[in-house]
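Right, one structure below, let's go through it.
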Amino acid sequence: MRFFQKIRKNFFTAVQGIVDKVTPRKKHLMKQKQLLNTPMSMKKLFYLESSSKILTETMKSNRQIKKNIVKRMLFLKKHWLNRTLSTFLGVSNSYVSKTSGIHSEQPKQCERKAATIAEDRTAIKEFFLRVDISTNLPSVKTIKKDQKERRILDRPLAAVYQEFQQQNPTVKASYSTFVRNKPQTVESTRKQRWYACLCDTCTNTDLKIKALQQVASRIESGVVVRNRYEAVTITLCKNKDGAAFHKPQCIQRQCGKCGIDSTVRYFQPLVEEASNETVVYSKWERVKKIYKGK
């Protein structure tokens, strides 16, 4: 079997060497006899050659048509096919280069009337770079080739968008527009989740909030807390107008008007609506196990 395989391989190598060394006239004759192409490839080549002839004849009749045809096919320049384009159209390579230089500048795309203005886009980007919104990462691994520092949001994007709306009521931007204008150097908490807290308290709080969300979804209730940050906000007094942070007394639990009892009052309507529901939630806890007497 190996002997026959070797014979076939040698035969193919010999035929390939002969075809590579034949003259152009003989190669053209072999193509006509379908010795070098399949019927499908012959059909495609015939269509390509006929299209090339039609384009060449049309270009000879009118100079403006010639320029328009070359202009429409300048996309081949992106793939380094200038020489192929000049051969296909029957024009010189210098003419293709000259035409591509004239039409290198693309026309300015018209903007929608409802598009976000440049001032609003700048305001969104500057908001993401604020110290109280994102934190720079000290690790050297986060510095890329552009030598720009990477920053990470200290809360989910939805919470950042809500705060942006409160502080910038005159800027009209949807959530998708807000996220789209986020600088590439600012990463969300999902991309850098290992910089967040993974202690039992925070993780179990997230699991309980998720269970309450499922109950509220089943009974179609509007009493919902999206994350633990919103749950903490419920336990504090509302910020004063223009204040970036809550009062120190509220944060240190020294305020008599707010506290953790606020969450009980907040979820009381949900408890009454879901009195017949069974709440099932997961919980992380430490368990001591003994393996083989150790």
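A244: at pLDDT 85 or above and small (G, A, S), yes or no? It would help to see each step written out before you state the result.
Working: at pLDDT 85 or above: no; small (G, A, S): yes.
Spelling it out, it is not the case that A244 is at pLDDT 85 or above and small (G, A, S).
Does the stretch 137-146 contain at least one residue that is within 27 Å of C202 (Cα to Cα), surrounded by 15 or more Cβ atoms within 10 Å (Cβ to Cβ) and modelled with pLDDT under 90?
Yes, that holds for at least one residue.
What are the residues in the stretch 260-287 that are closer than 22 Å to T235 by Cβ and of a type in the set (K, R), if any?
Correct list: R265, K283.
Listed here are the residues, each with its yes/no results for (1) within 31 Å of the chain's Cα centre (by Cα); (2) surrounded by 10 or more Cβ atoms within 10 Å (Cβ to Cβ); (3) basic (K, R).
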| residue | (1), (2), (3) |
| --- | --- |
| D200 | no, yes, no |
| S221 | no, yes, no |
| N227 | yes, yes, no |
| I234 | no, yes, no |
| N239 | no, yes, no |
| Q249 | no, yes, no |
| D261 | no, no, no |
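The values are calculated or read from the model by the stated rules, or taken from the named source; none is laboratory data. This one's a predicted model, so the numbers in the text were calculated from it and none came from an experiment. Cβ coordinates were reconstructed from backbone atoms using ideal geometry, including for glycine residues, and neighbour counts include every protein chain displayed.
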